[in-house]
Amino acid sequence: MCEAMVQGLLSKKLLHNKSITVGEPRPERRSELKQKFKINITSNNAEAAEACKILVLSVKPQDLDSVLASLKGELQPEQMVMSIVAGARISAISKGLAHNAIARVMPNTPAQIGEGMSVWTTTPKVGKEQFNQARIILQALGKELYVNDEKFLDMATAVSGTGPTYVFLVMEAMIDAAVHLGFARHIAYQLVTETIRGSIMYAMKSGKHPAELRNMVTSPGGTSAAALYELEKGSLRTVFARAIWAAYERSKSLGEGKEPPAI
Ligand SMILES: NC(=O)c1ccc[n+]([C@@H]2O[C@H](COP(=O)([O-])OP(=O)(O)OC[C@H]3O[C@@H](n4cnc5c(N)ncnc54)[C@H](OP(=O)(O)O)[C@@H]3O)[C@@H](O)[C@H]2O)c1
């Protein structure tokens, strides 16, 4: 995610390469990033944090505590911390760093190609200039939406953060069904991906509600009606509602430090 952010910031000319410093523990990865982006790289996170206006935390949740501990007390009040770490609450980051100017972001996987949807919030200690800079950084990952309460981050985790997983599963199911009909897998892949891409672009451009678009193509006794009957009979809507609610509940409990329940 951090690499995607650097890539987006440089390709959109939002920052100069020498204005970016990355803290990275592995020597081979440091050489790779330095060669690719000509940015400043260090193995010392505190050194990376020292000169920056915005410090982005982009480590796996299990590495967060040690990274926070290594940076505790190193930040000035006017520096801002932006965390994209899934499930990490502002209160935990604030306590771990002994710092109050924090932005918490929930991005999603398409951010890796600059097509992400990030939902974010900030603490009151984030100033106007820092806020605007944070927004520019997030625009390097795609679209962004600011919310004024951290509770929306758990909801966004269930909808946009986890959302690509649902879409990938639907893609996979449609591709397998097309193969079952007799299409070669690469043809099935093309038919499904182009159908999904085109349908989304059409829905967004037309501005019509999805139900209206669906009704427009559902002729009496036709193929869409036959397929929709089976999807409704299989409780597709209820399954989606339950899945998104389950992801929301899991996001809340992970943020509270609870272990996932045994299945
Ligand atoms: N991927 C997504 O679509 C997505 C979506 C929403 C949220 N997020 C959140 O974004 C964060 C990053 O995810 P990711 O998918 O980009 O993970 P990732 O590819 O594993 O990146 C984590 C990076 O942290 C580095 N790292 C490990 N320990 C470190 C330390 N002590 N100091 C500095 N850097 C350290 C790793 O370096 P090495 O490569 O050398 O190990 C790696 O480059 C996660 O917290 C995740 O929850 C990701």
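The values are calculated or read from the model by the stated rules, or taken from the named source; none is laboratory data. Just so we're clear, the structure is a prediction, and the values are computed from it rather than from any experiment. Note that we place each Cβ from the backbone using ideal geometry, even for glycine, and neighbour counts take in every protein chain shown.
Please pick out the residue among L181, L169, L191, L97 that is of a type in the set (A, V, I, L, M), under 19 Å from the mean Cα position of the chain (by Cα) and at pLDDT 95 or above. Sole residue among the options that is of a type in the set (A, V, I, L, M), under 19 Å from the mean Cα position of the chain (by Cα) and at pLDDT 95 or above: L169.
Scanning the stretch 42-56 for residues that are more than 11 Å from the ligand (Cβ to nearest atom) and farther than 18 Å from A134 by Cβ, we see that the one that is modelled with the lowest pLDDT is E50.
Only residues that are within 13 Å of the ligand (Cβ to nearest atom) and polar (S, T, N, Q) were counted across the stretch 57-101, and they come to 5.
Of the residues making up the stretch 159-178, one or more are of a type outside the set (A, V, I, L, M) and touching a strand residue (DSSP E or B) at 6+ places or on another chain (Cβ under 6 Å). Applying the condition of being over 22 Å from the mean Cα position of the chain (by Cα) and assigned to a loop (DSSP other than H, G, I, E, B) to the stretch 14-49 and asking which residue is surrounded by the most Cβ atoms within 10 Å (Cβ to Cβ) yields I39.
Within the stretch 105-128, being over 11 Å from the mean Cα position of the chain (by Cα) and over 14 Å from M82 (Cα atoms) holds for I113, K128. On the given criteria, is T165 closer than 24 Å to T238 by Cα and β-branched (V, I, T)? Spelling it out, T165 is indeed closer than 24 Å to T238 by Cα and β-branched (V, I, T).
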